[in-house]
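A.B. asks: One structure follows; several queries about it will come next.
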Amino acid sequence: MSRSVGRRRQVRAFAERLGLSAPDDAWRAYDEALTHDSFAHEGPRTKGHDRAADSATSNERLEFLGDAILGAVTAAYLIGRYPAESEGKLSRRRAALVSRAALAVTADRWGVAKLLLLGKGEAAAHGERRPTILAAAVEAVIGAAFSVEGYAAATRLVTQEHLAFSDVGVTADPKTALQELVQSRFKRAPAYAVTSETGPAHAKVYVVRVAIGSDLLGTGSGPTKKLAETAAAADALHALQTAGGIRTFTSRA
């Protein structure tokens, strides 16, 4: 199997994991969404990548498109979810949901880092762990979904694969929200613990678990302990949520 075919299969599998389709040459839109400008600006085709053109197209235009779609879908989602809230509160919620931090956590859950195409310098600096680059890639993937399948597919992607994990029902960050929820229900604070730490000193990947006593609430990973804890808190909040509210949870400790 050639490296170009391998790249195509990886990108198509990525799209399919997110409930998207990449038939025929449509996979190239997602390939572009995962191409950082540092890679595109290096000039001639880098070994192992398959496009008709001699030079890559960066994800900046798709990022621009995805940013607009993300904002619109998030606004519509919040209007429906919180019908009695003021514009000010809705704006604060939207700002949190479309923030770089929230998108970086989503990128980590999607497995974006391992598929990003970076220039040699950016790759050497482990740019695949930079929240700015990860957030931009998520927006570009949203833009690609719109380009390939239309607004309905992009809306589903944003709603089910980002907002469902990020909207914790409060304007606070996931760690604060989880702290408030757990203390109000169980009169205890959630505890975070690093379960693994891999990679060189300049490119660490941390995996964190959050629990109440022996009861595991959620897990998350990230390039810093803080982002890993945020991801774990978001995972815990999502796991505790149901369509009608918070699921019953009994601590065994």
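Where a number appears in this text, it was derived from the coordinates with a stated rule and is not lab data. Just so we're clear, the structure is a prediction, and the values are computed from it rather than from any experiment. Neighbour counts are summed over all protein chains in view; Cβ atoms, including those assigned to glycine, are modelled from backbone coordinates with ideal geometry.
A.B. asks: List the residues of segment 1-32 whose backbone N lies under 16 Å from a point placed 7 Å from the Cα of residue 61 along the Cα-to-Cβ direction.
C.D. replies: Within reach of a label on residue 61: 26-32.
A.B. asks: Between segment 182-198 and segment 88-135, what's the alpha-carbon centroid distance in Å?
C.D. replies: 24 Å
A.B. asks: Ok, one more. Suppose only helical runs count, i.e. DSSP H with n ≥ 4. What mean residue ellipticity at 222 nm does that imply for the chain under -39500 (n - 2.57) per run, divided by all residues and rounded to the nearest 500 deg cm²/dmol?
C.D. replies: Helix contribution divided over all residues of the chain: -16000 deg cm²/dmol.
A.B. asks: Just to compare against my own numbers: the Cα pair-distance distribution for segment 174-246, 10 Å bins, whole % per bin, please.
C.D. replies: Distribution as computed: 22, 50, 21, 7, 0 percent.
A.B. asks: Now, a different point. Between residue 68 and residue 41, what FRET efficiency comes out of the Förster formula 1/(1 + (r/R0)^6) with R0 = 35 Å and r the beta carbon distance, rounded to 0.05?
C.D. replies: In this case the efficiency is close to 0.90.
A.B. asks: Using a Förster distance of 22 Å, how high is the FRET efficiency between residue 152 and residue 17, based on the Cβ-Cβ distance and rounded to 0.05?
C.D. replies: 0.75
A.B. asks: How many percent of Cα pairs in segment 90-227 exceed 24 Å?
C.D. replies: Counting pairs separated by more than 24 Å, the tail of P(r) holds 39 percent.
A.B. asks: Which is the longest run of the chain containing none of the trypsin sites (Lys or Arg not before Pro) found in DSSP loop states (not H, G, I, E, B) with at most 11 other C-beta atoms within 10 Å?
C.D. replies: That would be 48-186.
A.B. asks: How big is the chain on each of its three principal axes, counting only the C-alpha atoms and giving the largest first in Å?
C.D. replies: Result for the chain: principal-axis Cα extents of 61, 43, 30 Å.
A.B. asks: Related question: Based on the Cβ-Cβ distance of residue 124 and residue 238, what FRET efficiency does E = 1/(1 + (r/R0)^6) give at R0 = 22 Å, to the nearest 0.05?
C.D. replies: The value I calculate is 0.05.
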